[in-house]
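A.B. asks: Shown below is the structure under consideration.
The values are calculated or read from the model by the stated rules, or taken from the named source; none is laboratory data. From a predicted model like this one, the values you see are computed outputs, not experimental measurements. Because the Cβ atoms are built from the backbone with ideal geometry, glycine has one as well, and the counts that use them run over all protein chains shown. Side chains included, ligands, DNA and RNA excluded: accessible areas come from the protein's heavy atoms. Shrake-Rupley method; radii C 1.70, N 1.55, O 1.52, S 1.80 Å.
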Amino acid sequence: MTTPEPADRVLARASLADGDPTAWFDRLYTAAARGEAEVPWTRGTPNADLAAWISPGDGRRALVVGSALGDDAELLSAHGWAVTAFDVAPTAVDAARARFPESTVDYVVADLLHPPGEWHHAFDLVVEIINIQAMPREFRPAAVASLAGFLAPGGTLLVCEVAEESTDVATWEGPPWPFSRAEIESVAQDGVRLVSLETIRDGARHWAEFTR
Ligand SMILES: C[S@@+](CC[C@H](N)C(=O)[O-])C[C@H]1O[C@@H](n2cnc3c(N)ncnc32)[C@H](O)[C@@H]1O
């Protein structure tokens with residue numbers, strides 16, 4: 001007997017065949033809400049690497065990209081950041097609001113590929129954890145440009161993606177589509193510069209910090 005393919009793979013393939021890199025996310029969250037699928041990245045807890053990095057926000061503005069069910073946004077909010085968190089999947093945004101009804105986080109439906117203009121250079125902290133790698137590579141330059149554009153002068157941009165160097169590139173099938181070290185470095189554009197780049201989780205992920 002063969003193991004059934006996970007729902008995220010099936011939905012992603014159908015969405016990408018239609019030329020839409022993001023529609024499958026909402027379909028997956030909707031199926032999961034009905035108990036018909038699992039969302040592989042939801043843990044019910046904040047990202048452990050972000051939790052290890054966390055520093056006091058003192059009311060400064062943070063933007064969480066691909067906020068999913070809200071755990072990372074709530075972590076930042078609890079540490080004093082004024083958080084905006086966005087996801088392209090309305091079902092995920094609704095679920096985050098429902099999970100944290102007292103939250104001060106501003107949960108927004110938005111697309112990294114077409115972000116609101118008022119977010120340009122607006123955030124003291126920008127958190128990008130394993131989202132851009134979930135879109136095919138041809139969307140990467142536009143996504144990376146949006147990301148760099150969010151960062152305010154003197155701010156910090158955190159980028160964490162699966163490390164291509166830890167994968168067997170010849171046989172690898174996305175999603176996700178991992179990042180090489182050079183691709184992580186490409187976030188340093190439009191006045192943004194790299195502060196540090198390391199591999200974490202035994203080389204499985206890149207963790208980079210940028211500033212403007
Ligand atoms: C692989 S999940 C990672 C979620 C979360 N950042 C984490 O670390 O668990 C990717 C998330 O990004 C969202 N997403 C994908 N493409 C997006 C886009 N273009 N704009 C905004 N959100 C996007 C998806 O809906 C999903 O919630």
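A.B. asks: Just one of 93, 39 is touching a helix residue (DSSP H, G or I) at 6+ places or on another chain (Cβ under 6 Å), near the ligand (Cβ under 10 Å from one of its atoms) and of a type in the set (Val, Ile, Thr); which is it? Before you say what the answer is, go through the steps one by one.
C.D. replies: Details: 93 fails: touching a helix residue (DSSP H, G or I) at 6+ places or on another chain (Cβ under 6 Å).
None of the others qualify; the one that does is 39.
A.B. asks: Of everything in segment 151-169, what is among the small types (Gly, Ala, Ser) and either at positive phi or open to solvent by 50 Å² or more (accessible area, probe 1.4 Å) (or both)? Give them in sequence order. Step through it out loud before you land on a result.
C.D. replies: As a first pass, look at segment 151-169 and keep what is among the small types (Gly, Ala, Ser): 152, 154-155, 163, 166.
Those that are among the small types (Gly, Ala, Ser) and either at positive phi or open to solvent by 50 Å² or more (accessible area, probe 1.4 Å) (or both): 154, 166.
A.B. asks: Let me ask something else. Filter segment 124-150 for residues that are surrounded by fewer than 22 Cβ atoms within 10 Å (Cβ to Cβ) and of a type in the set (D, E, K, R); which is nearest to the ligand (Cβ to nearest atom)?
C.D. replies: Across segment 124-150, the extreme among qualifying residues is 140.
A.B. asks: Out of 155, 191, which single residue is assigned to a loop (DSSP other than H, G, I, E, B) and more than 16 Å from the chain's Cα centre (by Cα)?
C.D. replies: On the way: 155 fails: assigned to a loop (DSSP other than H, G, I, E, B).
Just one listed residue meets the conditions, 191.
A.B. asks: Can you pull out every residue in segment 58-88 that is surrounded by 24 or more Cβ atoms within 10 Å (Cβ to Cβ), over 16 Å from residue 114 (Cα atoms) and in contact (Cβ under 8 Å) with a residue 60 or more places away in the chain?
C.D. replies: Answer for segment 58-88, where residues must be surrounded by 24 or more Cβ atoms within 10 Å (Cβ to Cβ), over 16 Å from residue 114 (Cα atoms) and in contact (Cβ under 8 Å) with a residue 60 or more places away in the chain: just 62.
A.B. asks: Can you name the residue in segment 96-107 that is within 15 Å of residue 42 (Cβ to Cβ) and surrounded by fewer than 17 Cβ atoms within 10 Å (Cβ to Cβ) and is also farthest from the ligand (Cβ to nearest atom) among such residues?
C.D. replies: 98
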